[in-house]
1. Give the residue, chosen from 267, 312, 284, that is more than 30 Å from residue 348 (Cα to Cα) and modelled with pLDDT of 90 or more.
2. Of all residues in region 174-209 being free of Cβ contacts under 8 Å to residues at least 60 places away in the same chain and open to solvent by less than 70 Å² (accessible area, probe 1.4 Å), which is nearest to residue 224 (Cα to Cα)?
3. Answer yes or no: is there a residue in region 204-221 that is of a type in the set (Phe, Trp, Tyr) and within 21 Å of residue 79 (Cβ to Cβ).
4. Among the candidates 344, 335, which residue alone is within 17 Å of residue 313 (Cα to Cα), open to solvent by less than 80 Å² (accessible area, probe 1.4 Å), of a type outside the set (Gly, Ala, Ser) and part of a helix (DSSP H, G or I)?
5. Out of everything in region 228-249 that is within 10 Å of residue 168 (Cβ to Cβ) and among the acidic types (Asp, Glu), what residue ends up being least open to solvent (accessible area, probe 1.4 Å)?
Amino acid sequence: MASLSVKPGRRFTLPDWQNNSLLISADAERQRHNSHDIRQEGRALRNETGNQARWDEHNSRTHLKDRITTVDRWRETLARCLKEIDLEIDALTKVKEAAENAIQAKNLWLDVAIECLTFRESRRDIDVVRDPVEEELHKEVKVIEKTKKELQQRVDDAFKQLCLLKEARQLLSSDHRHKVEALELDRLCVSFNPTSGNISFKVNPTRIPDGTTALHEWEQNSRCNKERAEAEMKASVDLRGAITLTIAQTNNELDAQRIATEFALRKRMRDMEAALNELRWQEKNTLEEIADMEEEIRQLEEDIRKRTLDLKVAHTRLETRTYRPHIELCRDQAQFGLTDEVQQLEGMIRALQQKRTESQDALDALYRQLHRIRTDIGYKTNSLQLDNKCMDTRKKLVIPVEKFDPEVDAVNRTRDLPRNSQLELA
C-alpha cells in the first residue's frame, strides 16, 4: 500500500503566513516613508547649504570690495601726500641753497669791511682815532657775522627739516607700497571663483599670521603717517618763510626796511588774491547751490501738487462711497484704506509744505550770503588795486624817477613776479 510523503521541517499556519505578508508590507511602507523623509530633508539641506554658501560668498566678496575701496582711498591719499611732500622737499632744498648762496655772498661784504679796517690801521699819529667810520666798520663786521650766523642756523634747520621730511616720505612710501601690494592681493582674491584653476586646500587657512594687526591699528598707522607728513610739510613751509625772511633781512638797514615792507605787501597781496579766489569759489558754489535749491523747491512744489491731486482722488472716493445704499454703507476695508490714505497724504503734504518753507528760508539765506560775498569781493578787489599801486610807487626806491612807468596791470602784476624775488633783492 502506497504512503504519502511528508516534507520534513516545521509547518506554519495560515495566519502565520498572512501575518508575515502583512509585516513585510508594513516594513516596506515604513522604509519608503523613512526614505521619503530623508530625501526631503536632504533636499532642504542642499537648498539651505547652497543658499548659505552663495550668501557667504557674496558677503565675503562684498567685504573684499569694500576693503579694496578703503585701501585704494588710502593709497590715493598717500600718493597725493607723497607728491606734495616731494614738492615741499624740492622747494625747501631750493630755499636752503639760496640761504647757502646768501652766506657765500656775505663773505665779500666781510672781506671788504675787514680790508677797510686793515687799510685804516695804516693811519699815522693823530689820525689813528676811533672815529664814527671805524665804529661803523666794526658794527658792519658784527652785523655781517651775526647775519652769517643766523643764515647758517637757518641752513642747519633746513637740513634737519629735510631729514625729517625724507624720513616722513620714507614712511609714506613704504605704507603706499604695502597698500599697492595689498590691493593686488585683494583684487586677486576677488577674481577667484569655483572654476579658477589656482584654487586648492590650504593648511590651517584660518590661522592668524604673526604680525597681524587690528583694523584700528592699521588705520591709525596710515593716519599717523599722513598727519606726520602734513605736520612736517607745514613746519617746512613755515621754515621756508622764515629762511626767505632771514635772507631778505641780510641787507643793510635801509634796504632791510624796504624789503621787509615789500615782503609784507607781497604777502598781503598773495593773501588778498587767495581770499579773492576763495570768495569767487564761494560765489560760484553759492550760485550752484542756489540753482540746486530753486530746482529742489520746484520739485517740492511739484510733489505737493501731485500729492494734492492724490488727496483729491481719495476725498472723492470717500465722498462717493457715502452714497452707497442701505446696508451697503458699511465700514469695510476699502473705507479704512481710503481713510488711512487720506491721513497719510495729509501728513505728506504737511511735511512737504514744511520742507518747502525751510527750503525757501534757506534760499533766502543763500541770496543774502551771495550779496555779502559779492560786496566783500568788491572791497577786496579795491584793496588789492591799492596795494598794487603801493608796489608801483615803491619802485621809485630802486628805479630812477625818469624811468619809472606806473602804467601796469594793477590786478595781475604780482602774479608774474618770480617766486624768488625776495632772494634776488637780498
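1. Result: 284 is the single residue among 267, 312, 284 that is more than 30 Å from residue 348 (Cα to Cα) and modelled with pLDDT of 90 or more.
2. Residue satisfying both the conditions and the ranking: 174.
3. Looking for residues that are of a type in the set (Phe, Trp, Tyr) and within 21 Å of residue 79 (Cβ to Cβ), one finds at least one in region 204-221, hence yes.
4. 335
5. Among those residues, the one meeting the criterion is 232.
The values are calculated or read from the model by the stated rules, or taken from the named source; none is laboratory data. All values derive from a computational prediction rather than experimental measurement. Here the Cβ is made from the backbone with ideal geometry for all residues, glycine too, and neighbour counts use every protein chain on show. What goes into the accessible areas is simple: the full protein's heavy atoms, side chains included, and nothing from ligands, DNA or RNA. Shrake-Rupley method; radii C 1.70, N 1.55, O 1.52, S 1.80 Å.
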